[in-house]
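Scroll down for the structure; my scribbles are underneath it.
The values are calculated or read from the model by the stated rules, or taken from the named source; none is laboratory data. No experiment lies behind these values; they were computed from the predicted model shown. Because the Cβ atoms are built from the backbone with ideal geometry, glycine has one as well, and the counts that use them run over all protein chains shown. What goes into the accessible areas is simple: the full protein's heavy atoms, side chains included, and nothing from ligands, DNA or RNA. Shrake-Rupley method; radii C 1.70, N 1.55, O 1.52, S 1.80 Å.
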Amino acid sequence: MKEKAKTGAEPKSRSRYDELKRMLEDRRREIQAEVQGKMRDVRADGAWGGKLNEVLDAVESSEADIQDEIEFALIQMKSETLNKINDALVRLEQGDYGNCFDCGEEIAEKRLRALPFAVRCKSCEEAREVAEQRERQVAARRGASSLFLDM
Ligand SMILES: [Zn+2]
């Protein structure tokens, strides 16, 4: 699979930089809003005061604790993603973001939109998957033949 649609002499690296930057910043804003929303929810529990506490007491507080833990884990996960996005933005500034780890070619923008932290281009990733699959098959065959020999 060839994905080299070089479109002549437009100032494409600049617009690509802008596009990727916008993409990462949009995503960051999205996640930040989610995290802030969740934090607000957690805090709202306290602010709601008596009325909610009555309900919670009735429901059983351990369930609420579990809920809090899930929320907390979610917030933690999101903030890790935020860190990754910040890293990606730093790498973008340095010109290291969006290039394939294996072949050094630019990773298609479409792919980066779907997988912002992809480190390989589509064809390298596919080649890698095929290689891994082949390795597994060879290993499985070897396993089967040694099983046969053991008999
Ligand atoms: Zn590649």
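Some values worked out for this structure:
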quantity: Within region 88-104, considering residues that are in contact (Cβ under 8 Å) with a residue 24 or more places away in the chain and farther than 13 Å from residue 24 by Cβ, the one most open to solvent (accessible area, probe 1.4 Å); calculated: 102
quantity: Matching residues, region 95-118, being of a type in the set (A, V, I, L, M) and within 15 Å of the ligand (Cβ to nearest atom); calculated: 107, 108, 112, 115, 118
quantity: Flag if residue 121 is in contact with an Asp or Glu (Cβ under 6 Å, 6 or more places away or on another chain), within 13 Å of the ligand (Cβ to nearest atom) and under 20 Å from residue 15 (Cα atoms); calculated: yes
